[in-house]
1. Only one of ASP101, ASP90 is outside the structural domain of LEU9 (by TED's automatic domain parsing), farther than 23 Å from GLN14 by Cβ and out of contact with any Phe, Trp or Tyr (no Cβ under 8 Å at 6 or more places or on another chain); which?
2. Quick one: GLY187 ticks every box in (1) touching a helix residue (DSSP H, G or I) at 6+ places or on another chain (Cβ under 7 Å); (2) not in a strand (DSSP E or B) except a single one, so which number is it?
3. In the stretch 47-74, which residues are in a helix (DSSP H, G or I) and touching a residue at least 12 places away in the same chain (Cβ under 8 Å)?
4. Can you tell me which residue within the stretch 59-77, out of those that are among the β-branched types (Val, Ile, Thr) and either out of contact with any Cys (no Cβ under 7 Å at 6 or more places or on another chain) or at pLDDT below 95 (or both), is surrounded by the most Cβ atoms within 10 Å (Cβ to Cβ)?
5. Taking the condition of being in contact with a Gly (Cβ under 9 Å, 6 or more places away or on another chain) and crowded, with 20+ Cβ neighbours inside 10 Å, how many residues in the stretch 132-149 meet it?
6. State whether the residues of the stretch 158-165 include one that is in contact with a strand residue (DSSP E or B) (Cβ under 6 Å, 6 or more places away or on another chain) and crowded, with 16+ Cβ neighbours inside 10 Å.
7. Scan ALA124, ALA129 and give me the residue that is small (Gly, Ala, Ser), assigned by TED's automatic domain parsing to the domain that holds ASP79, surrounded by 14 or more Cβ atoms within 10 Å (Cβ to Cβ) and out of contact with any helix residue (DSSP H, G or I) (no Cβ under 6 Å at 6 or more places or on another chain).
8. How about the stretch 135-184: which of its residues are assigned to a helix (DSSP H, G or I) and modelled with pLDDT of 95 or more?
Amino acid sequence: MNEPQWLTLARALQAHAQNGLAYSRDPFDLERFHAIRRIALEIMATYTDADLSSLIGLFDGETGYATPKIDVRAAVFKDDAILMVRERTDGGWSLPGGWADVGESPSEMAAREVFEESGYRVRAMRLLAVYDRNRHGHPPIPFYVYKLIFQCELTGGAPVESIETDGIGFFREDALPELSLSRVTPGQLRRIFEHYRHPDWPADFD
């Protein structure tokens, strides 16, 4: 699933506008960068189901130098099956995880997200992958994203649904459920199972 060129260009325009707004002091330049951001968001609104006002609200909170967002996911195994949660937003299944938070290390966040979304307690053991989301067949979104996937050891807890998830289960590689493709792809899961079978492998990247 290749990213459409309009999204690549609109995202680049938005990033340049954000950088200009962060570092420019001239009022005329600031006005120009606001106009460039508006054009970028109008392009996104034209080619998606999102309305312009929601996109403006989404990006108004993006300040400072534009950098990729970080999505942290956890791979938790039990009896050769992987823990997955069903997302309320789209009904698809995913690895527990979400956007990285300020003030929390990636491994700490992976463990916290597992507990909040599934009820299980885990400990992060090793980094399996750092992926550029655009290169792995996910549906396009406005932001540029890096995905960090940690293998975690199950230490306790019990399945509990959350405000974000309404299903929890362990699935074998040959019996995976319908996926939330915005969060995880079949190819990524195949690779994660390969890492599970080869604990000496180094982390994937890109």
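The values are calculated or read from the model by the stated rules, or taken from the named source; none is laboratory data. Small disclaimer: the values here were computed from a predicted structure and weren't measured. Every residue, glycine as well, gets a Cβ built from its backbone with ideal geometry; the counts of neighbours run over all protein chains shown.
1. None of the other options fit; the residue is ASP90.
2. Evaluating GLY187 over (1) touching a helix residue (DSSP H, G or I) at 6+ places or on another chain (Cβ under 7 Å); (2) not in a strand (DSSP E or B) leaves (1) as the failure.
3. Of everything in the stretch 47-74, those that are in a helix (DSSP H, G or I) and touching a residue at least 12 places away in the same chain (Cβ under 8 Å) turn out to be TYR47, LEU55, ILE56, LEU58, PHE59.
4. Taking the candidates together, the pick is VAL72.
5. The total comes to 3.
6. Checked against the condition, which is being in contact with a strand residue (DSSP E or B) (Cβ under 6 Å, 6 or more places away or on another chain) and crowded, with 16+ Cβ neighbours inside 10 Å, the stretch 158-165 yields at least one hit.
7. Details: ALA124 fails: out of contact with any helix residue (DSSP H, G or I) (no Cβ under 6 Å at 6 or more places or on another chain).
Just a single option satisfies the conditions, and that option is ALA129.
8. Once the filter is applied, which keeps residues that are assigned to a helix (DSSP H, G or I) and modelled with pLDDT of 95 or more, the stretch 135-184 yields GLU173, ASP174, ALA175.
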